[in-house]
Structure formats: structure tokens, C-alpha cells
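Contents: one structure, followed by commentary.
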Amino acid sequence: MNRKQAQERIAELRREIERHNYLYYTLDAPEISDAEYDALYRELANLEREFPDLVTPDSPTQKVGGPVARELATVRHEFPMYSLDNAFSLGELRDFDARVHRFLKLDVAEPLEYHVEPKLDGLAVSLKYENGRFALGTTRGDGREGEDVTANLRTLKPLPLRLTRDVSLTVRGEVFFTEQDFARVNEQRKEAGEPLFANARNAAAGSLRQLDTAVTASRPLRIFLYALEEPERHGVKTQAGAIAKLRELHLPTAPLNTLCRGIDEAVSYIEGDLAEAREGLAFSTDGAVVKLNDFALWDKLGFTAKSPRFAIAYKYASAEAVTELEGVTFQLSRTGTMTPVAELAPVEIGGVTVKRATLHNLDEIERLGVAIGDKVRVMRAGEVIPKVQGVAEVGEKRRDILAKLPTHCESCGTKLVRRDDPPNLACPNRECPEVVAQQVAFFASRGAMRIERLGGKIARRLVREGLLKDVADIYTLREHERELVALEGFAEISVQNLLAEIEGSKRRPFARVLYALGIPEVGAQTARLLTEHFADIDEMIAAPPERFDEIYGIGEVVAREIWEFLHDERNLKLIKRLREAGLQFASGAEGQAGGFFSGKKVCVTGRIDPFTRDEWKEIIEASGGYFVTAVSKSTDLLLAGEEPGSKLAKAEKLGVEVMDANALREALKSDVPPESEELAARWREFVGED
Ligand code: IVH
């Protein structure tokens, strides 16, 4: 290869590698395997070794780092980095909305449009790009001056050193660890005998503010950007537009950003979907940031000495209380593991009465040093299960917990065994009624097959009645309709509803079915990765463990677990029966995030039967789009029905794409139906499916 050819290939490889970084870290949708990625990287490194004069600081190979300085230089911020005011309750959040209305002299009944974002818990940074090249990165510092961490930030895999266009801009965001990565970093420090980081945020700060950037490079730091300075220079008028702009440039942004019309909608999003999604997120968030969407209003509102008036941070309730530990019980899980649960003297924490809290595992009990009779500190953070934090006061009469562990399963009487990871007792009986009931309840849970009427209580009852021996039996319940109706408390009507829901669950996509099976270590995300890589379950069963390991995002241990699960006789039998029942075991329809509206800002005008405006909103959002109430330059699509309003003319004037009912029907044919059964039925009718 001559120099010119090398130069071209190098440029091409760099673009490719940056693109795959973006797909992996921002879209969470890698297109190639780890091995393929490594091959690209190696090819680039080899070429650069051969032609050292072609190495530039913005090459992905330069993300390895090395000693840079004796101390980090101080830099004055071009744009001061304000912090946000906090709202510690929903009441305070509504006060904020009222304040904004008052300031703008608007009627409080007039809803304002808010952009709601998860609040990231890390270290704020400001990044400057010049002509598309990463030029300067600083920490927030005191808001006026920060530290120059350019060299450190260069080593972050998710951060592009070149943007997709040669623009100059300044952006702000947060550097953080995912919970998993944080745990791993601490694990390594423990092994190396180094002091542990107190929390993920300290770990992120410590890792970024390094004098030897090779240390930073060795830590899997992440970054999400959430603000664009001087948006008007980039023709951006709203926060949603700013985020779209960042994404367009392939800067990583957080998931779950949502536009809400009015504070009520913001509140219900924060307490509903966002709170629910929180536990499943890889990164930790301790709240939400609520920002007015329209930048014109930002200019009108301005800043107080400390913080902007147009945005506020809402913190999920996180509170602690002290109460007596009255006893310890053990909760059997769907895998047979028994989690120790603290039975507490009832105490109020953050407005909720807490009577139980998790003790996680036997090692944790030892680590906390708690005994029955002690006064313990209990914490509740948002939606998360309350947790025993430690001993507040040693009790007078103490009963040791570990010395008197149960020996036999309370549910089936089987002798308990010890498991290691995590260290806990477990019931080894695969037919244990409580274990089966837990499996059924998990299978039917929201993120899985979503059979709402089949919760834990009903599941337990049906197992006890001998109607369910495993999850496949759910699909034979139809044959036992009489027995079901005869059960006390199962009025005919609810039996009918339950059976209809079970029938409907057969249409859940393969990824959900896979998740519902409860394969160890396979969460919703991994299940999705799997269905993207395999055409169907047969292909998965036939695959060697290496094929799972090859998937970017699945490690060796998880690969093993999956392979073992798929080679267990009983599991195979179960899969066969579920398949015969009509469940989806092939990847067909796309996942919701890849839906037709995905990433689009969509506005609706006129009537498009058979859905109301609110229902269209639900459909658009379920398929990954943003529902917006007005047409602007940044709108991607206008759905125009009968008797359209002035929005149609406006869209035509601005050149916004318009679709009528017929075009929409065609476009939606390959989309996934909405979640709610009722909506899904009409949706199918609309697109002409039977
Ligand atoms: S916007 C002028 N958006 O929270 C407003 N900040 O408590 C600039 N943070 O200093 C901040 N997630 O470090 C914004 N989605 C988000 C955020 C966020 C986390 C941090 C940021 C800020 C602090 C304020």
C-alpha cells in the first residue's frame, strides 16, 4: 500500500470506528461484533505504525493515554457553568411551574412545554469542538473556572474526537460510570489492595482528574451530553432540537428524554415511566431535570445568581430512618435463592411506612454486623426497595442471625443448600411451589409477557390448586376454565379477562419471550441483543457458546449461562411446549425503539380515525417518537387527517413532511402494535391486519 492509499484507508477506518462507537455507546445498537470491531482497530493501528507521520491526535488509537502533567491547568469558562436548583418534592416542582408562569405573566392553566431528562449522577464537563475536532474539555470546578481535562477526555471511548460535520461548538454533559462498571472498578481496587471509591460519582471524578491519562483510559468512563451553548448559532430553538442536533453530530446523549405538555404531564412521566425505567438503567440517576423546551423563554427568564430560572432538578425521595430490627425472614426467588429480609418496627420514611427492607445476602449481614434487637438505619431511595444501611444502636438483647439460619424450605420442606454468588441459602427443589409461583409471576410481569392479571398472589393460588406446575401451563389454563370459575374469588368475569390476556400475550415479540424465560443474567437488553443476532430459537440452541460471547455487550460468563440454559433437558421441553402454544420464538417484527416514528418529532392535525389525538400520542411514543403539539422547522412529520387545521399549511410552507391516513397505514404495517390490548386491536384493524 502506498502512502496515499494508506491515508485514505486510515481516514475511512477512523470514520468507521467512530461510527461503531456511536452505535454502541449512544444508540445501544451495535452493528458488528467485538471481534469485528477489534479487527478494524488493529488494522488502523498497524497502518499508523507503518506510516507514523499520519498519526493525528484525533485518531481513535490515541485513546490510550500516558503521563501528561504535574498538575491540571485551570481554565476560565467561556460560558459560566451554572448548577440547578433542586425540587425535593412534587409540590416544589409544581411551585417551579407556577413561578415560571408568574414570571412570564402567563395564565397558570396554560400548559408550558417541558423537556424532561434523567438527571445523571457524575461529573459535569464542558467540551469545545473546533471545526469538528475535539479541542478542549474542562471540569465544572466552581462554575467560573474549571480544570483542563482535555487529554483525559480524549481517552473516553464513547466520546468522538471528530464530529460528523466540521462545526465549532461548545457542549455540556456529564461523565459517569455505569453501576456495573463502577462495581468492577472497585473490585479491581480491592484485589489490588487500593482504597475503594465511596460511590460512582467519586469514582468518576477520581478517574477523570488523573495526571496520568493512561489511568483514565483504563477506566470504562461514559459520557452523555445534555446542553448546547449558543444554540441560536446552530439554528436551534428548543432543548429537544438541541438534543437532536447533538445526536446528529454523533455526540452521545441520554435515553428517556421526553417532551411533556404542562407540568402535570411532566409529573406523571417522572413518577411513572421514568421512575419505572430507572431500576433497569445501566447508569444511575437520582432524579429528573425539567427544562422549558423553548429557548425564547430561557432568554426571558434568565438566571439567578446561582442557577437558571428555566430549569430545575427534581430529586427522587431518598431518606433514612432508624428503627428496630425485629426479625429476619427469607424470601424465595424464582431461581430458588433465599434473600434475607429485615422485618422492622414500622417506620415512616419519605412519606411511606416501611416494615421490611432487604439485607441482600448472608455476607451483607456479616458486613453490616446487624443482629435482631438492634436499632438499624434504613434507607429508601425513590422506587427502590428499602435497604438496611447499618447499625445505629446496638440492642440490649441481641439475637445473632447467621447462627440460626433455617435448614429446610418453608414452602416444600426440602433441605436447603448454600449458593455462592451471591452467598445465600437456596431451595434446590425445582418443583417447589413457591419457586414456581415466582417464576410464573416474573413470566407474566410487565417487562416480560405482561399478563397483568397474573400477579404473585394469583400465581401462588393457581400453583397451590395444582393448575400451574410451570410457566408453560399458563397456556393450558383455557382448558380448565370451569375449575377456574369455581375457585373462590375468581368470578367468571375475571377468568374471562385473564384468559383473554393470556391469549393476547402470544403476540409478544421474541425478545420479550426470551426475557420472560428468566435465563440467568439475561435482562431485557441482553434478550434484545440476542434476538438481533439470531433468527430464531433453533439457531440459538444450535450455536456454540462462542457465538454468544461474540455479541458485543455479552461477556463470557453470560454466554456460558445462556448456552447452559439452552442445553438443559427441562428447559428445552418447556420451550417446546411454549412454542406449541403459539408464542413467538423467531425474530420478526422490530423492537419498539426501532419503530417507524423512532427519533422523529411528530405532530398531528385533524381527525385520523380510529384514534383520538391522545391515542396517536401514545402510538407515536411507543414507537420511539416525540409527540409535539405545534409544527415548527424542527418537526419531522405531520400526520394530517380529516379537517386539518392551520398546521397543514404551516408544514407545507416549512417543507415538513406530511402523511395522510393512507400513507400512514402503509408505513405502520411493519411496525409493532402498541402495548395496550385495546389499542392494539384497533391498530391492527387500521393497518389492515387481521
Ligand atoms: S442542565 C444551566 N441537564 O446536575 C443548566 N444538568 O444539579 C445546566 N446534571 O451541574 C445543567 N443531568 O452536573 C443538566 N440532564 C441534565 C443533567 C444535569 C445531570 C447535573 C449537572 C449540573 C447538576 C445540577
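The values are calculated or read from the model by the stated rules, or taken from the named source; none is laboratory data. Given the structure is predicted, the values throughout are model-derived calculations rather than measurements. Counting neighbours? That spans all protein chains shown, and the Cβs are built from the backbone with ideal geometry, glycine included.
General observations
- Residue-level check: of (1) closer than 30 Å to Thr304 by Cβ; (2) surrounded by 13 or more Cβ atoms within 10 Å (Cβ to Cβ), Ala6 misses just (1).
- Members of the stretch 633-674 found to be in contact with a Lys or Arg (Cβ under 7 Å, 6 or more places away or on another chain) and of a type outside the set (A, V, I, L, M), listed by number: Ser634, Thr635, Asp636, Gly641, Glu642, Glu643, Pro673
- Residue within the stretch 44-53 that is at pLDDT 85 or above, part of a loop (DSSP other than H, G, I, E, B) and over 20 Å from Glu550 (Cα atoms) present: yes
- Residue match in the stretch 291-300 (condition: of a type outside the set (D, E, K, R), modelled with pLDDT of 95 or more and not in a helix (DSSP H, G or I)): yes
- Scope the stretch 130-145; condition surrounded by fewer than 22 Cβ atoms within 10 Å (Cβ to Cβ) and part of a strand (DSSP E or B); matching residues: Glu130, Arg133, Phe134, Ala135, Leu136, Glu145
- Tally of residues being touching a helix residue (DSSP H, G or I) at 6+ places or on another chain (Cβ under 6 Å) and farther than 16 Å from His567 by Cα across the stretch 531-548: 2
Yes/no per residue for (1) closer than 28 Å to Asp181 by Cβ; (2) away from the ligand (no atom under 15 Å from the Cβ); (3) crowded, with 21+ Cβ neighbours inside 10 Å; (4) in contact (Cβ under 8 Å) with a residue 60 or more places away in the chain:
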position: Ile263; (1), (2), (3), (4): no, yes, yes, yes
position: Val267; (1), (2), (3), (4): no, yes, no, yes
position: Ile270; (1), (2), (3), (4): yes, no, yes, yes
position: Ala275; (1), (2), (3), (4): yes, yes, no, yes
position: Ser284; (1), (2), (3), (4): yes, no, no, yes
position: Leu292; (1), (2), (3), (4): no, no, yes, yes
position: Asp299; (1), (2), (3), (4): no, no, no, no
position: Phe303; (1), (2), (3), (4): no, no, no, yes
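- Residue match in the stretch 102-111 (condition: at pLDDT 90 or above and within 16 Å of the ligand (Cβ to nearest atom)): no
- Qualifying residue in the stretch 69-87 (condition: buried (at least 20 other Cβ atoms within 10 Å of the Cβ), charged (D, E, K, R) and more than 14 Å from the ligand (Cβ to nearest atom)): no
- Among the candidates Leu159, Leu153, residue that is under 25 Å from the mean Cα position of the chain (by Cα), in contact (Cβ under 8 Å) with a residue 24 or more places away in the chain, crowded, with 23+ Cβ neighbours inside 10 Å and in a helix (DSSP H, G or I): Leu153
- Qualifying residue in the stretch 113-128 (condition: assigned to a loop (DSSP other than H, G, I, E, B), at negative phi, within 16 Å of the ligand (Cβ to nearest atom) and not aliphatic (A, V, I, L, M)): yes
- Residue that is nearest to Glu678 (Cα to Cα), among those in the stretch 489-534 that are at pLDDT 90 or above and part of a loop (DSSP other than H, G, I, E, B): Leu517
- Glu117 being out of contact with any Gly (no Cβ under 7 Å at 6 or more places or on another chain), farther than 23 Å from Arg222 by Cβ and of a type in the set (Asp, Glu): no
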